[in-house]
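The values are calculated or read from the model by the stated rules, or taken from the named source; none is laboratory data. Keep in mind that this is a model prediction, so the values were computed, not measured. Note that each Cβ is placed from the backbone with ideal geometry, even for glycine, and that neighbours are counted across all protein chains shown. When the accessible area is computed, the model is the full protein with side chains, heavy atoms only, and any ligands, DNA or RNA have been set aside. Shrake-Rupley method; radii C 1.70, N 1.55, O 1.52, S 1.80 Å.
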Protein chains: 4
Amino acid sequence: MNERRLPPAIECRHRLKVRYGETDQMGIVYHTNYLVWFHEARDALLSALGMDIVSLEQEGYRFPLVDVGCRYLHPARYGDEIDIRVRLLPELVARMQFDFEARNRRTARLLSTGSCLSVMTDRSGRLLLRLPETILTCLRRAAGNLPVDAAGSPP
Amino acid sequence: MNERRLPPAIECRHRLKVRYGETDQMGIVYHTNYLVWFHEARDALLSALGMDIVSLEQEGYRFPLVDVGCRYLHPARYGDEIDIRVRLLPELVARMQFDFEARNRRTARLLSTGSCLSVMTDRSGRLLLRLPETILTCLRRAAGNLPVDAAGSPP
Amino acid sequence: MNERRLPPAIECRHRLKVRYGETDQMGIVYHTNYLVWFHEARDALLSALGMDIVSLEQEGYRFPLVDVGCRYLHPARYGDEIDIRVRLLPELVARMQFDFEARNRRTARLLSTGSCLSVMTDRSGRLLLRLPETILTCLRRAAGNLPVDAAGSPP
Amino acid sequence: MNERRLPPAIECRHRLKVRYGETDQMGIVYHTNYLVWFHEARDALLSALGMDIVSLEQEGYRFPLVDVGCRYLHPARYGDEIDIRVRLLPELVARMQFDFEARNRRTARLLSTGSCLSVMTDRSGRLLLRLPETILTCLRRAAGNLPVDAAGSPP
């Protein structure tokens, strides 16, 4: 049996409220803040999976981003409550691909979508090839909380 | 003769220095700051073309972003001098497509590449279909500063 | 009887979690972020009092800051949960004085203290002399939720 | 002769241009950005004195802020060119007190004033009592570029 079978996609939701300083003079949220929110949602997901970025950094792992993208459909405004849906698409190689949706919580309107790809390196910046066992364990445990069918079958 | 012939690509360079607050605890520049720099370079280009964003906003034009993307090749660090090359690909429709390269000025190493697409709307957020004549004039004048061949032939 | 009697100090608490991008290369929260947090806490207080900054801005009021200060006692770090205590000291004149404390939620350690003073202007930036009646009403209603003694006696 | 005689106040100017993302929905620069600019100006001053923050951090020194303050007199707006005057008041103890003025370059109008106090610690966060000799040397060399009278007499 393949011990390194991939767990299925894992997702969670994260909620936040637009800060005053996140707006610009167009009266809407400045575009880079969506990426900050996506990062926050991503960390919330990893944390929900039992991965502690701080501990992993202390063990010498780094997670630099290699690619981000974001589409803007409707503007968010100061005070809006935002719902972020974040989804992790597990891979065996040492990288993490996330995608995101930001919605206005009150109207459910889709505001923006995005994605990012993060690799793993050691302290000196050398690329890791495979996910460390501790991280794979977290991903498998997360998959274990899903219905058996979902967790048990290859993606 | 086609009065609305497109001017060729227009580019310029912009230089900046990494601020302390632009780093994160990985010891490198936090990823969203590249997009802030690209925005600064884009405004420098428009300004060099004689387009004043402030005046255009006062006339009722808005330039919301609809899409950004960025790839990260090598990290920038605090104090690094960064060279941004920005290129505008003129179109007749009311949108502006830019692409970007950020390099470490001392080593000439390519740090990241990016792109963004901005549309134009009126004050109420309604999409414009064609670039206003004032902007087209700026683009043509910019093209006029290029060698006749470059400026005179369709892209 | 003095209709314009001052309500007593009003305070509330606001909780947040340190974002990755709020750190710098010292591995601690970059100093300006505390002021962003204080702003968020201040807006949460005003909102709890029934003051809607967006509506007030639409009515033509502006609340520019005229003074901020912050002392840093212990660093906050990525992932820390932060408790902000914010206190509004009501005045009859059209300005709002807030003070702040930020604590690490887990350890209760005091991380920083701060204050800010905000005035009110109309749309054109002209200083208001007295708080608008709508705002005074919010402050009095907030005071009305306090024990009669506290609400009824001058501070 | 007192080898540890204090050099006089040292100042320099730093210029920058307001970025789009530094504005907020009031149409003016968001208040924390002045502190970011002051930090940039402070680093420019230290760099002009021959102090390289990066090298000093690599040697194990840290310069956490313990106190900042800022007064806002007139708003800065997108695209404004800003002149920062920064002044360092040297002390023998291991702390650096700076004060700042931000002016609109075109109108020379004073926009804001500020100050900050930074201490020095070692890598583990323990407070240093006296400025390291390398830093004192930089300060004295800077003073040496002043007229002999100014450099030779106590401030």
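Worth a mention:
- Residues whose amide H comes within less than 5 Å of that of D:A94, counting only those at least five positions distant or on another chain, are D:R130, D:L131 (H built at 1.01 Å from N in the peptide plane).
- Number of partner chain Cβ atoms within 10 Å, mean per residue of D:57-69: 4
- Kirkwood hydrodynamic radius of the protein assembly as shown, from inverse mean 1/r over distinct Cα pairs, in Å: 26.8
- Tilt relative to chain B, helix B:133-144 - C-alpha long axis, 0 to 90 degrees, to 10: 70
- Each Lys or Arg adds one and each Asp or Glu subtracts one; over the other residues with Cβ under 13 Å from the Cβ of A:L127, this totals +4.
- The Cβ shell under 11 Å around A:I10 holds other residues with a net charge of +2, Lys and Arg each +1, Asp and Glu each -1.
- Using a Gaussian network model of chain A in which every pair of alpha carbons under 10 angstrom is joined by a spring, one finds that among A:L139, A:L45, A:L56 the greatest mean-square fluctuation is at A:L56.
- When A:E59, B:E22 are compared by accessible surface with a 1.4 Å probe, the order from highest to lowest is A:E59, B:E22.
- Residues B:T107, B:T32, sorted by accessible area with the largest first, give B:T107, B:T32 [1.4 Å probe; ligands and nucleic acids excluded].
- Cα long-axis angle, helix A:32-48 against chain A (0 to 90 degrees, to the nearest 10): 40
- About the centre of its Cα atoms, the protein assembly as shown shows a dipole size close to 0 debye [charges on the beta carbon of Lys, Arg (+1) and Asp, Glu (-1) only; nearest 20 debye].
- Whole-Hz Karplus values for segment B:56-65 come out as 4, 5, 5, 6, x, 7, 10, 10, x, 6 Hz, taken residue by residue from phi with 6.51 cos²θ - 1.76 cosθ + 1.60 and θ = phi - 60°; glycine and proline positions read x.
- Among residues other than C:A44 with Cβ under 9 Å from its Cβ, the summed charge is +1 (Lys and Arg +1, Asp and Glu -1).
- 5 angstrom amide H check on C:M120, placed H, neighbours 5+ away: C:L128
- Whole-Hz ³J(HN,Hα) from phi, Karplus 6.51 cos²θ - 1.76 cosθ + 1.60, for segment B:8-24, glycine and proline x: x, 4, 10, 9, 8, 10, 9, 10, 8, 10, 5, 7, 4, x, 8, 8, 10
- Heavy-atom SASA rank of D:R15, B:R42, C:R13 (probe 1.4 Å, accessible area, largest first): C:R13, D:R15, B:R42
- Restricting the calculation to Cα atoms, segment A:1-120 shows an Rg/Rh of 1.02 when the hydrodynamic-style radius is the Kirkwood one.
- Between D and C, buried accessible area from a 1.4 angstrom probe totals roughly 1900 Å², ignoring ligands, DNA and RNA.
- Working note: 222 nm ellipticity from helices only, DSSP H runs with n ≥ 4, each -39,500 (n - 2.57), summed and divided by the residues of chain D, gives -7500 deg cm²/dmol to the nearest 500.
- Each of C:H74 and A:A48 was given a label point 7 Å from its Cα along the Cα-to-Cβ line. The distance between the two points is 3.1 nm.
- Normalised by 2.2 N^0.38 Å, where N is the number of residues, the alpha-carbon radius of gyration of segment C:70-133 equals 1.49.
- Residue-wise HN-Hα coupling along segment A:69-80, computed from phi with Karplus coefficients 6.51, -1.76, 1.60 (Hz; x: Gly, Pro): x, 8, 10, 10, 9, 9, x, 9, 10, 3, x, 4
- At R0 = 30 Å, FRET efficiency that the Cβ-Cβ distance of B:R15 and D:E11 yields, to 0.05: 0.75
- Interchain or long-range residues, amide H under 5 Å from A:I82's placed H: A:L16, A:K17, A:V18, A:R105
- Accessible surface calculations at 1.4 Å, restricted to protein heavy atoms, place segment B:1-117 at 41 Å² per residue.
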